[in-house]
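K.L.:
Following this message is one structure expressed as structure tokens.
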Amino acid sequence: MDYFPIFLKLSKQPCLVVGAGSCAARKIELLSRAGADITVVAHDISTQVAAMQVSHHLTIYRKYFEPTDLADFKLVISATNDKLVNENVSKCANKAGIWVNVVDSPTLCNFIFPAIVDRAPLTIAISSGGVSPVLARLLRQKIETVVPPTYGMLAKLAEKFRDTVKKQITIPSNRRIFWENVLQGRVAELIFSGQNESAERELTYAISQIESEINNKNNGEVYLIGAGPGAADLLTFRALRLMQQADVIVYDRLVSAEILDLARRDSDRIYVGKERSQHVLPQEEINELLVKLAKEGKRVARVKGGDPFIFGRGGEEIETLMEQNIAFQVVPGITAANGCASYAGIPLTHRDYAQSCVFVTGHLKDDSINLNWTQLAVPNQTIVIYMGLIGLEKICDALISHGSDPSLPIAVVEKGTTAQQRVIIGTLSTLPNKIRHETLKAPTLIIIGNVVSLHEKLNWFGHK
Ligand code: SAH
């Protein structure tokens, strides 16, 4: 971070503007909005600035800048078109320890102006650190479109009720939940549509309701979230939103650091593992943990790799929640089959090669894989195998002995959708041997079927 963002309280603070052209006028306007006590020093005063004298309460000195002019000012802006004057103002201000900005000369500044979205009391400041003001401005435009002008009203309403809410809802986490609901719920909608009085009534009602609710029962809930196969931007909007409002994140091994980084900064993190046959917590204890946290009133994001309902044991987790009467919602995610297939350029179905696709688990139980091989070894079908690497040789043998063509193409996708993705292609008869010479890292997914032959042509990601 080259520049540290802070918000200054400039109300009634003495600020100096050197220069009185159109640039200076823009800065005067900004300072004035913050309530600054503005003095202008300039030899030539434009009519624009002269006209602001009364409305903006300016003190104007028609004179050349001298170092002694700086005395007692907190902040100075030099907006003249004279390079020497600008340099001199910068030098003198630095010497006197006064914050200085020289318009369009980053090297002469010790503070810079951000692009501002003013929804007072809500203020959004954007800076490119002086590198690309245009980029900052474009971003401001984007933000302006999603933060309607009425946002300021919403903030004012929050301010008005802040003390009341604080008195009535004494537990800080409950208060936060309350405000989150108000600020993105019906009250906010009313404000956005200009119905301020109705919004106030609704908020007053909400305060009385939430109090009794909090006193009577806990408000915890669980979000069972599928975080997708790896790449963080394959998360859904909903997953992101809920991860950003959760108090606790309970996550598996398959959830990457990159994804966890997107969760609310001050949320607690609980790792519950699930490495192959080496669970940090057994499933029953995970179920219990979710119940316990929710009963403490927490909003729990239970984040899993891929989709929670595909080899994710999500069903078991919500069953326990239902039994215990805990509110929850399930957020689907992109399952490994979809992610890996897309990123490996292997369509799971194809008019010419596969009219059906099955997802199975290759997990070994008592050293064998219990699958319906006759149903799997049919033509024109794609088989996706989760957790199948260890049993790969057994899988290939079983398929061949149940009638599959030994030359049927098969792919192993390692760490699909991530920057480390690798795809290894072979056939039912060659692949087990081929991967013996590779050090493959979990997670890996197996795709079997003629669609795999399309990889060579359609591989667009990484080209490995
Ligand atoms: N619920 C998850 C699957 C959990 S089972 C989902 O819907 O994707 C764990 C198995 O998923 C791993 O053993 C592996 O076979 C597969 N898997 C998950 N993410 C993967 C990835 N990025 N690349 C390859 N395989 C993956």
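The values are calculated or read from the model by the stated rules, or taken from the named source; none is laboratory data. This is a predicted model, so every value here is computed, not measured. All Cβ positions, glycine included, derive from the backbone under ideal geometry; neighbour counts span all protein chains shown. Surface areas here come from the heavy atoms of the whole protein model, side chains and all, with no ligands, DNA or RNA. Shrake-Rupley method; radii C 1.70, N 1.55, O 1.52, S 1.80 Å.
K.L.:
Looking at ILE346, is it in contact (Cβ under 8 Å) with a residue 24 or more places away in the chain, in contact with a Lys or Arg (Cβ under 7 Å, 6 or more places away or on another chain), farther than 22 Å from GLU288 by Cα and within 14 Å of the ligand (Cβ to nearest atom)? Walk me through how you get there before you give the answer.
P.N.:
Details: in contact (Cβ under 8 Å) with a residue 24 or more places away in the chain: yes; in contact with a Lys or Arg (Cβ under 7 Å, 6 or more places away or on another chain): no; farther than 22 Å from GLU288 by Cα: yes; within 14 Å of the ligand (Cβ to nearest atom): yes.
For ILE346, the condition - in contact (Cβ under 8 Å) with a residue 24 or more places away in the chain, in contact with a Lys or Arg (Cβ under 7 Å, 6 or more places away or on another chain), farther than 22 Å from GLU288 by Cα and within 14 Å of the ligand (Cβ to nearest atom) - is not met.
K.L.:
Is segment 129-136 home to any residue that is modelled with pLDDT of 90 or more and either among the small types (Gly, Ala, Ser) or within 25 Å of SER11 (Cα to Cα) (or both)?
P.N.:
Yes: one or more hits.
K.L.:
I want to confirm something. Restricting to segment 361-392 and keeping residues that are assigned to a strand (DSSP E or B), within 15 Å of ALA411 (Cα to Cα) and within 16 Å of the ligand (Cβ to nearest atom), which single residue is nearest to the chain's Cα centre (by Cα)?
P.N.:
As a first pass, look at segment 361-392 and keep what is assigned to a strand (DSSP E or B): 361, 365, 368, 381-386.
Adding the requirement that they be within 15 Å of ALA411 (Cα to Cα) leaves 381-386.
Cutting the leftovers down to within 16 Å of the ligand (Cβ to nearest atom) gives us 382-386.
On the way: THR382: 35, ILE383: 34, VAL384: 31, ILE385: 31, TYR386: 28 Å.
Top of the filtered list is TYR386.
K.L.:
For segment 402-415, name all the residues that are in a loop (DSSP other than H, G, I, E, B) and either within 9 Å of the ligand (Cβ to nearest atom) or out of contact with any Ser or Thr (no Cβ under 9 Å at 6 or more places or on another chain) (or both). Don't jump to the end; show me each part of the working.
P.N.:
Filtering segment 402-415 for residues in a loop (DSSP other than H, G, I, E, B) gives 402-408, 415.
Scanning segment 402-415 gives SER404, LYS415.
K.L.:
Look through segment 416-427, keep the residues that are part of a loop (DSSP other than H, G, I, E, B) and open to solvent by less than 60 Å² (accessible area, probe 1.4 Å), and return whichever of them is nearest to the ligand (Cβ to nearest atom).
P.N.:
Taking segment 416-427 first, the residues part of a loop (DSSP other than H, G, I, E, B) are 416-421.
Right, trim to open to solvent by less than 60 Å² (accessible area, probe 1.4 Å) and you get 416-418, 421.
Working: GLY416: 3, THR417: 6, THR418: 6, GLN421: 7 Å.
By that ranking, first place goes to GLY416.
K.L.:
Let me ask something additional. So for segment 326-343 (the condition being more than 28 Å from ASP233 (Cα to Cα), in a loop (DSSP other than H, G, I, E, B), of a type in the set (S, T, N, Q) and at pLDDT 95 or above), does at least one residue qualify?
P.N.:
Step one: of segment 326-343, the residues more than 28 Å from ASP233 (Cα to Cα) are 326.
Cutting the leftovers down to in a loop (DSSP other than H, G, I, E, B) gives us 326.
Those left that are additionally of a type in the set (S, T, N, Q): none.
No, there is no match, as no residue in segment 326-343 is more than 28 Å from ASP233 (Cα to Cα), in a loop (DSSP other than H, G, I, E, B), of a type in the set (S, T, N, Q) and at pLDDT 95 or above.
K.L.:
Quick check on ALA120: is it crowded, with 19+ Cβ neighbours inside 10 Å, under 41 Å from the mean Cα position of the chain (by Cα) and of a type outside the set (S, T, N, Q)? Talk me through it step by step, then tell me what you get.
P.N.:
Working: crowded, with 19+ Cβ neighbours inside 10 Å: no; under 41 Å from the mean Cα position of the chain (by Cα): yes; of a type outside the set (S, T, N, Q): yes.
No.
K.L.:
Could you name every one of the strands (runs of 3 or more DSSP E) located completely within segment 1-117 that has at least 1 residues being among the aromatic types (Phe, Trp, Tyr)? First the steps, then the outcome.
P.N.:
Working: elements: 14-18, 37-42, 59-62, 75-78, 99-102.
The qualifying strands (runs of 3 or more DSSP E) are 59-62, 99-102.
K.L.:
Kindly indicate whether any position in segment 389-403 is closer than 18 Å to GLY230 by Cβ, surrounded by fewer than 18 Cβ atoms within 10 Å (Cβ to Cβ), in contact (Cβ under 8 Å) with a residue 12 or more places away in the chain and assigned by TED's automatic domain parsing to the domain that holds GLN355. So that I can check it myself, show each step before the final result.
P.N.:
Step one: of segment 389-403, the residues closer than 18 Å to GLY230 by Cβ are 389.
Adding the requirement that they be surrounded by fewer than 18 Cβ atoms within 10 Å (Cβ to Cβ) leaves none.
No: segment 389-403 contains no residue that is closer than 18 Å to GLY230 by Cβ, surrounded by fewer than 18 Cβ atoms within 10 Å (Cβ to Cβ), in contact (Cβ under 8 Å) with a residue 12 or more places away in the chain and assigned by TED's automatic domain parsing to the domain that holds GLN355.
K.L.:
For segment 298-332, which residues satisfy the criterion of being buried (at least 17 other Cβ atoms within 10 Å of the Cβ), under 25 Å from ILE177 (Cα atoms) and under 24 Å from the mean Cα position of the chain (by Cα)?
P.N.:
LYS298, ARG299, VAL300, ALA301, ARG302, VAL303, LYS304, PHE328, VAL330, VAL331, PRO332
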